[in-house]
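A.B. asks: Take a look at the following structure, please.
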Amino acid sequence: MFRLYSASMTERIIKRLTPRIRALSERYAIPAAVLQAVLYQEITKIDVLDIAADLLVRFNWLRLTLRGKLDGEMPTGLSPWNKLDSSTGYAQIFARVGIDAINFALDRGLTTMEALKIPVQRRLDRDKPRDVRLIWRLLKRSKSFNLELAALNLLAAAEEKTGRIDFASFSPEELKLIFTRYNGTGKAVSAYGKAAYQQYLRYTGMNKATV
């Protein structure tokens, strides 16, 4: 399938995002190389099918809005007309995954709705269309928000896989598990987890060389 970003294009994008990556690294105590590794993995895999999926989601949200069904339940089934979520943005995050990450961070006092610039003050529900649409739109429109939810998703993945969020304490195997969880739900280290860890090592070296 035709990929939209080459390795060199991806490196330029990540370089442009360096100030935001460093800010998130400091705020959440996540090594910048961890975020860079995830971004490299995700951006280089974006293809035309991802764009098509985003367009279908956008169309289905419009259709659901016009029918006045935003306050119901998320539709089920495999029909393309039921597709109301997709992995989107540079960090390729699903809205429902993003909601889980937001609630995780709020429960642990890591951030606030105000800090995330989410225009509601209640807890979000991953099974409510209105909430899923809100977060999907923010993920799609805002690179800054997309990157921040990538950081929160990494923290949630770390907690799930290791029981802690101290990235300075993780072994190579634990980091591979965290990368694996970012991309899926498997219990064992995946090919994605191994590849992301290699990118993490590469960016760690690059970052040290530029200090």
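A.B. asks: What's the magnitude of the charge dipole for segment 165-211 around its Cα centre, counting Lys and Arg as +1 and Asp and Glu as -1 at the beta-carbon? Answer in Debye, nearest 20.
C.D. replies: Computed charge dipole of segment 165-211: roughly 160 debye.
A.B. asks: Suppose the Debye formula is applied to equal point scatterers at every Cα of segment 95-147; what is log10 I(q)/I(0) at q = 0.27 Å⁻¹?
C.D. replies: Summing over Cα pairs of segment 95-147 leads to -1.22.
A.B. asks: Note down the net charge around D50, summing +1 for each Lys or Arg and -1 for each Asp or Glu among other residues with Cβ under 14 Å from its Cβ.
C.D. replies: Spelling it out: positives minus negatives among the neighbours equals +1.
A.B. asks: Distances longer than 32 Å among the Cα atoms of the chain: what percent of all pairs is that?
C.D. replies: 16
A.B. asks: Still on this structure: Considering only S190, S142, S169, give the residue with the highest GNM mean-square fluctuation for the chain, with springs between Cα atoms whenever their separation is below 10 Å.
C.D. replies: Per the Cα network of the chain with a 10 Å cutoff, S169 tops the list.
A.B. asks: Go through segment 150-166 residue by residue and turn each phi into a ³J(HN,Hα) via Karplus (6.51, -1.76, 1.60, θ = phi - 60°); whole Hz please, and just put x for glycine and proline.
C.D. replies: Computed from phi, the couplings for segment 150-166 are 4, 5, 5, 5, 5, 5, 5, 5, 5, 4, 5, 8, 10, x, 8, 10, 8 Hz.
A.B. asks: Once you charge only the Cβ atoms, +1 for Lys and Arg and -1 for Asp and Glu, what is the size of the charge dipole of the chain about its Cα centre, to the nearest 20 debye?
C.D. replies: 540
A.B. asks: Across segment 14-153, how many lysine pairs separated by 8 or more positions, or lying on different chains, have Cα atoms within less than 17 Å?
C.D. replies: 8
A.B. asks: Helix 18-28 versus the longest principal axis of the chain: what angle, 0 to 90°, nearest 10, using Cα atoms?
C.D. replies: Roughly 90 degrees between the two axes.
A.B. asks: ³J(HN,Hα) across segment 175-186 via Karplus (A = 6.51, B = -1.76, C = 1.60, θ = phi - 60°), whole Hz, x for Gly/Pro?
C.D. replies: 4, 4, 5, 5, 4, 4, 5, 4, 8, x, 10, x
A.B. asks: Then there is this: Through the Karplus equation 6.51 cos²θ - 1.76 cosθ + 1.60, θ set to phi - 60°, convert the phi angles of segment 134-145 into ³J(HN,Hα) values in whole Hz; use x for Gly and Pro.
C.D. replies: Result, ordered by residue: 4, 6, 4, 5, 5, 4, 6, 8, 10, 4, 5, 5 Hz.
A.B. asks: With a 1.4 Å probe and every protein chain kept in, tell me what percent of the accessible surface of the chain is carbon plus sulfur.
C.D. replies: C and S atoms contribute 57 percent here.
A.B. asks: Then there is this: Rounded to the nearest whole Å², what accessible area per residue is found for the chain with the 1.4 Å probe?
C.D. replies: Per-residue accessible area for the chain comes out at 51 Å².
A.B. asks: Based only on the alpha carbon positions, what is the Kirkwood hydrodynamic radius of segment 36-105, in angstrom?
C.D. replies: Kirkwood radius, segment 36-105: 13.5 Å.
A.B. asks: What does the convex hull of the alpha-carbon atoms of segment 1-82 project to on average, in nm²?
C.D. replies: Spelled out: convex hull of the Cα atoms, projected over all directions, averaged, 7.9 nm².
A.B. asks: Now for a different question. Rounded to the nearest 500, what is the chain's calculated 222 nm mean residue ellipticity when only DSSP H runs of at least 4 contribute -39500 (n - 2.57) each, over all residues?
C.D. replies: Using -39500 (n - 2.57) per qualifying helix, the result is -20000 deg cm²/dmol.
A.B. asks: How much solvent-accessible surface does R137 expose, in Å² to the nearest 10, with a 1.4 Å probe and all protein chains in place?
C.D. replies: Taking all protein chains as shown, R137 has close to 90 Å².
A.B. asks: Compute the distance from the alpha-carbon center of segment 62-83 to that of segment 96-142, in whole Å.
C.D. replies: 19
The values are calculated or read from the model by the stated rules, or taken from the named source; none is laboratory data. Small disclaimer: the values here were computed from a predicted structure and weren't measured. Reconstructed Cβ throughout: ideal geometry from the backbone, glycine too, with neighbour counts over all protein chains shown. With ligands, DNA and RNA removed, areas are computed over all heavy atoms of the protein, side chains included. Shrake-Rupley method; radii C 1.70, N 1.55, O 1.52, S 1.80 Å.
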